[in-house]
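Visitor: So that we are looking at the same thing, I have put the structure below in structure tokens.
Bear in mind these aren't lab numbers, they're just calculated from the coordinates by the rules spelled out. From a predicted model like this one, the values you see are computed outputs, not experimental measurements. Counting neighbours? That spans all protein chains shown, and the Cβs are built from the backbone with ideal geometry, glycine included.
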């Protein structure tokens, strides 16, 4: 067996040779060895955590869920017949998102994200049934995007929507 | 000794003096093995070969592929149509990826069957399990790269699955996507993970896996080595086993090539975040089992199916060598381990099969679309009609939550609602499929080809028999 302090062969049953065992009885030497050992581990660990933290901060998107917060012009109010859903594009941070927009009359609009809340398949609006239906697992939502059937855990996500100067302004996802 | 042989010998001596390779080479080449090795014991080698195929073809694909949402799809098209032999290389990579998943799983099942996870091979097993997950991540990240409808929507669904994990779920989903939804940012990070992160991880774990196999020997070798010298049926590894291994590699390589030449990797329409063509998302085939399971369990249990079960599976696989302490290797002395594993494998295979049927998969790799098929004059319910319903209608019209209370996977339900009464022109089934009665089915399309609808009409004319 090798002595763990000097590295030379020893025939002792412990992992210390006689000489080093003698040295080790002076506790100062043991604590220095321990310090160096743990020091190396700690420094290595800190460097590793530093890289990992940097990577996570860099990779985690800065603006999720609520979108960019910017309002996007999606055309004049007149382009939206009352009571009919139209599929529009909302451009977020690098992505395009489908949003069903409906004119409820009196400058009131409703905007629903078209990703099913179950596993984010694209839902489709069926005017004749007045329902949104998902092709993946059959989730269904009513005209207001409320969940009525299937495995989805909640209703469709809403987007901010408002009318400014006769133009429909579509914003990010709210809830 | 001829001059040439002498030259070779002196080179080996020169090398041995510096690298000390002789004892290692002797051990490697001349250990005793059975003359006939069960081909299943070569599954690891087959996997290794396919992995090398992935590395080589991947390197060349990367020289033409452009990872951006604007150019990825066109660069794949360019590889397939303009680059000489580009289509072969892409098909080899595609079929290699599928083969990797199959071979790694088979290799693991074989290791389980012969009890190769038991002492002293625990580390081989654990690194093997890690390699299985790395393989799945390879397949998942690689799937997005063509940036077509199939890859875009499968990744949309796949990256949302962590959402069902407690506390950290939504963060993992956004981290994987690099945003709220799939975008060019997802593509570049998947590309980097596929090309840099996973290969590095794989080499680390493969190194350990391989070193442990060399150190502890394979089970079959260990048993052969224990036998006394001169036992019949034992030979040296080189050249006998080496020859068998070469033959196996020839078989695997030929299989890959035949697959690549006969069936092409799919490339659907370019990814459309607005899904204007109403493409129905289809998961990767090795997720079919989970996908299908989700249809059977109530919605409140979804987190269990999506997160719980896979997590339990991972833990069980990793910890297997530590809680299965039965020292026996032979399957007949491990009734519990064999039964539990048998039931699990049967369930996964069955769910995968049913899942595949429900996707309307008409060709390997899947397109999910309705294929043009000939009309059948006297169709049988079980052989002709039910598969159509399974593939195109069962997503909504099956199970306890079936739309309109109609379960098209059950003959009784079809009878009860009387939707298939002759003459076919007056049956609700035919009217719905043709659009005579709105809304036309399958809801949102793609609608069934005329030939298929005529098959159903013929069945109704025959009296809609349950045959």
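Visitor: If each residue's Cβ is checked for other Cβ atoms within 10 Å, how do A:88, A:143 rank with the fewest at the top?
Guide: Lowest to highest Cβ neighbour count: A:143, A:88.
Visitor: How far apart, in nm, are the 7 Å Cα→Cβ label points at residue A:42 and residue B:215?
Guide: 3.1
Visitor: Could you sort the peptides B:339-349, B:382-392 by per-residue average Cβ neighbour count (10 Å cutoff), highest mean leading?
Guide: B:382-392, B:339-349
Visitor: I would also like to ask the following. Using bins 10 angstrom wide from zero, how does P(r) for the range A:117-175 break down, in % of all Cα pairs?
Guide: Answer for the range A:117-175: a P(r) of 23, 44, 26, 7, 0 percent.
Visitor: Take A:15, B:324 and order them by how many other Cβ atoms sit within 10 Å, fewest up front.
Guide: Ordered by Cβ neighbours within 10 Å, fewest first: A:15, B:324.
Visitor: Taking every pair of Cα atoms in the range A:72-173, average 1/r, invert it to obtain the Kirkwood radius, and report Rg/Rh to two decimals.
Guide: 0.97
Visitor: Once you have a ≥ b ≥ c as the square roots of the Cα gyration tensor eigenvalues for the range B:144-257, tell me rounded if a/c is under 1.5, and otherwise prolate or oblate according to whether a/b is larger than b/c.
Guide: Working: a/c = 3.74, a/b = 2.42, b/c = 1.55.
Judged from the Cα gyration tensor, the range B:144-257 comes out prolate (a/c at least 1.5, a/b above b/c).
Visitor: Rounding to the nearest 10 and keeping the result within 0 to 90°, find how far the Cα-based axis of helix A:27-59 lies from the longest principal axis of chain A.
Guide: Around 20 degrees separate the two axes.
Visitor: Any chance you could get the radius of gyration and Dmax over the Cα atoms of the protein assembly as shown, in Å?
Guide: Using the Cα atoms of the protein assembly as shown, the pair Rg, Dmax is 30.7, 104 Å.
Visitor: Ignoring everything except DSSP H segments at least 4 long, calculate the 222 nm mean residue ellipticity for chain A; use -39,500 (n - 2.57) per segment, divide by total residues, nearest 500.
Guide: Value at 222 nm, helices only, nearest 500: -8000 deg cm²/dmol.
Visitor: For the range B:1-116, what does the alpha-carbon gyration tensor say about shape, rounded, prolate or oblate, given a ≥ b ≥ c as the root eigenvalues, a/c under 1.5 as rounded, and a/b over b/c as prolate?
Guide: oblate
Visitor: Just counting partner chain Cβ atoms within 10 Å, what average do the residues of peptide B:144-156 show around their Cβ?
Guide: Mean partner shielding for this stretch: 1.
Visitor: When the Kirkwood hydrodynamic radius is evaluated over all pairs of different C-alpha atoms of the range B:119-188, what value in angstrom, to one decimal, is obtained?
Guide: Computed over the range B:119-188, the radius equals 13.5 Å.
Visitor: Moving to a separate point now. Show that you can apply the helix-only estimate: for chain B, add -39,500 (n - 2.57) for every DSSP H stretch of four or more residues, divide by all residues, and state [θ] at 222 nm to the nearest 500.
Guide: -18500 deg cm²/dmol
Visitor: Right, another one. Per-residue mean of other chain beta-carbon atoms within 10 angstrom of the beta-carbon, peptide B:157-166?
Guide: For this peptide, the per-residue mean of nearby foreign Cβ atoms is 3.
Visitor: Can you give the average number of partner chain beta-carbon atoms within 10 Å of each beta-carbon in peptide B:173-186, as a whole number?
Guide: Mean shielding by partner chains, rounded to a whole number: 6.
Visitor: Roughly how many whole Å is it from the C-alpha centroid of the range B:41-80 to that of the range A:104-168?
Guide: Here the two parts' Cα centres lie 39 Å apart.
Visitor: Using mean Cβ contacts within 10 Å as the protection proxy, how do B:169-177, A:123-131, B:30-38 order, highest first? Present the calculation step by step, with values, prior to reporting the outcome.
Guide: Working: B:169-177: 18.1, A:123-131: 16.6, B:30-38: 15.0.
In decreasing order of mean packing, B:169-177, A:123-131, B:30-38 become B:169-177, A:123-131, B:30-38.
Visitor: So, one more: Determine the gain in length on full extension of the stretch residue B:200-residue B:16; use 0.36 nm per residue of separation and subtract their C-alpha separation, reporting nm with one decimal.
Guide: Numbers: separation 184, 0.36 × 184 = 66.24 nm, distance 3.02 nm.
Full extension from residue B:200 to residue B:16 adds 63.2 nm.
Visitor: Moving on to the next point. Using only Cα atoms, find the angle between the long axis of helix B:86-113 and the longest principal axis of chain B, and express it within 0 to 90 degrees, rounded to the nearest 10.
Guide: Helix B:86-113 sits at roughly 70 degrees to that axis.
Visitor: What does the C-alpha gyration tensor say about the overall shape of the range B:381-461? Classify as rounded when a/c is under 1.5, otherwise prolate if a/b is larger than b/c, or oblate.
Guide: It comes out rounded by the Cα gyration axes.
Visitor: What's the percent breakdown of Cα-Cα distances in chain A across 10 Å bins, shortest bin first?
Guide: 9, 24, 18, 9, 7, 6, 10, 10, 6, 1
Visitor: Same structure again: Give me B:398, B:2 sorted ascending by neighbouring Cβ count inside 10 Å, so fewest comes first.
Guide: Listed from fewest to most nearby Cβ atoms, that is B:2, B:398.
Visitor: Can you tell me the orientation of helix B:450-461 relative to chain B, as the angle in degrees between its alpha-carbon axis and the longest Cα principal axis, to the nearest 10?
Guide: 60
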